[in-house]
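Remarks on the structure that follows.
What follows is calculated from the coordinates using simple rules that are stated; it is not laboratory data. All figures in this text were calculated on a predicted structure; none of them were measured in a lab. Because the Cβ atoms are built from the backbone with ideal geometry, glycine has one as well, and the counts that use them run over all protein chains shown.
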Amino acid sequence: MWKRWRRSAPIEQVEVVDLPERHVGSYLVCLEDWSAEMDEAGDHKARWYEKAREQGLRVKVALDEEDRAVGMIQYAPIELSPAQGEGLSMVLCIWVHGYSQGVGNAQGQGIGAVLLNAAEDDARELGATGLAAWGLHLPVWMKASWFKKQGYRNVDRIGMRELVWKPFTADAEPPRWIEEQPVPAGEPGQVQVTAFQSGWCPSANLVYERARRAADELGTPVNLTTIDTSDRDTLISCGRADSVFVNGKPLQRGAPPSYKKVRRRIEKQLHRERRKTGSAGRR
């Protein structure tokens, strides 16, 4: 899902529009309707979408000359994100298709900037005092450096995640990340898999489903706890939106791991726990 390919033929013209019904299916899988892997992600994004659009979610897509969706941006009141602020909107995701399959690689043609400008204009019209976004310090997707080239400023950071923003009014107050709380490990001899799950990101949903499958197959020594972070109060209490932890440590850093790697990670932790409890029993 994260591998880039050679750029396809240039796109002569794009039109940015509010998400049409005919492109909802493509939006729900991040424009990767050609990918069988997306089938593993379940229906979490669809259920989140139905709930979030009643809470102010906005989605725009960039359409090429053949009415194909080649880019998308989704943004919402900041209360739908793991950040906090007053009167702000938040970019949850911006993505221009970057693979040879499907519509082809449309990156590097300024489509992302066009999408972001359209979101900024819309957020202003809706009365937002500024637009925030998150970016990664990785050369993959949602790069913090790209937002800075679009005039955004850094205001907060947790690990690899940087919070940036662009104020629209002189009295706008900068956002902040909600403080992340520690994730507990499991009981001795067991593995605790803790999943913070809102449903908005298909990649995160894919990791969750793989972790859930591994936990189900490994059985009793592995305990899976799913925390619904689409609820704002829950999100504030834990400070995490979409991530999976194994005995208090992140399951992934970067691209979604395969099911084989997810299961191997949990099994490895289970072997460690068994060795520790076995050693303790012999003392």
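A few remarks follow.
- Rough spin-label spacing in nm, given labels placed 7 Å along Cα→Cβ, for Thr169 and Asn154: 2.9 nm
- Think of each Lys and Arg Cβ as +1 and each Asp and Glu Cβ as -1; about the Cα centre, that makes the dipole of the stretch 136-283 roughly 1060 debye.
- The chain - mean residue ellipticity at 222 nm from DSSP helices (-39,500 (n - 2.57) per run, n ≥ 4, rounded to 500): -9000 deg cm²/dmol
- The alpha carbon centroids of the stretch 131-165 and the stretch 24-67 are separated by 23 Å.
- Placing pseudo-labels 7 Å out from each Cα toward the beta carbon at Arg47 and Ala113 gives an inter-label distance of 4.1 nm.
- Phi-based couplings in Hz for the stretch 35-42 (Karplus 6.51, -1.76, 1.60; Gly and Pro marked x): 8, 5, 4, 5, 4, 6, 6, x
- A full extension of the chain between Glu179 and Lys261 corresponds to an added length of 26.6 nm, given 0.36 nm per residue minus the alpha carbon distance.
- Ascending count of other beta-carbon atoms within 10 Å, so fewest first, for Glu32, Glu21, Glu180: Glu21, Glu180, Glu32
- Per-residue Cβ neighbour rank within 10 angstrom, fewest leading, Thr220, Thr169: Thr220, Thr169
- Placing a label point 7 Å from the Cα of Ser100 along the Cα-to-Cβ direction, the residues of the stretch 15-35 whose backbone N falls under 16 Å from that point are 35.
- For the stretch 82-111 and the stretch 173-190, distance of Cα centres in Å: 26 Å
- The Rg/Rh ratio of the stretch 191-282, with Rg taken over Cα atoms and Rh as the Kirkwood radius over Cα pairs, comes to 1.02.
- Within the listed set Gln84, Gln190, Gln74, the Gaussian network model of the chain (springs between alpha-carbon atoms below 10 Å) gives the highest mean-square fluctuation for Gln190.
- Positive dipole terminus of the chain, leading residue within Cys201, Ala215, Gln150 (C-beta point charges): Ala215
- Of [x] 133; [y] 147; [z] 155, the label for volume of the Cα convex hull per residue in Å³ derived from the coordinates: [x]
- Segment Ile236..Thr277, full-extension length gain: 11.3 nm, with 0.36 nm per residue of separation and the alpha-carbon distance subtracted.
- For the stretch 98-105, 3J(HN,Hα) computed residue by residue from phi via the Karplus equation (6.51, -1.76, 1.60; θ = phi - 60°) reads x, 10, 6, 6, x, 7, x, 7 Hz, glycine and proline entered as x.
- When only Cα pairs below 8 angstrom with a gap of at least 6 residues are kept, the chain shows a relative contact order of 17 percent.
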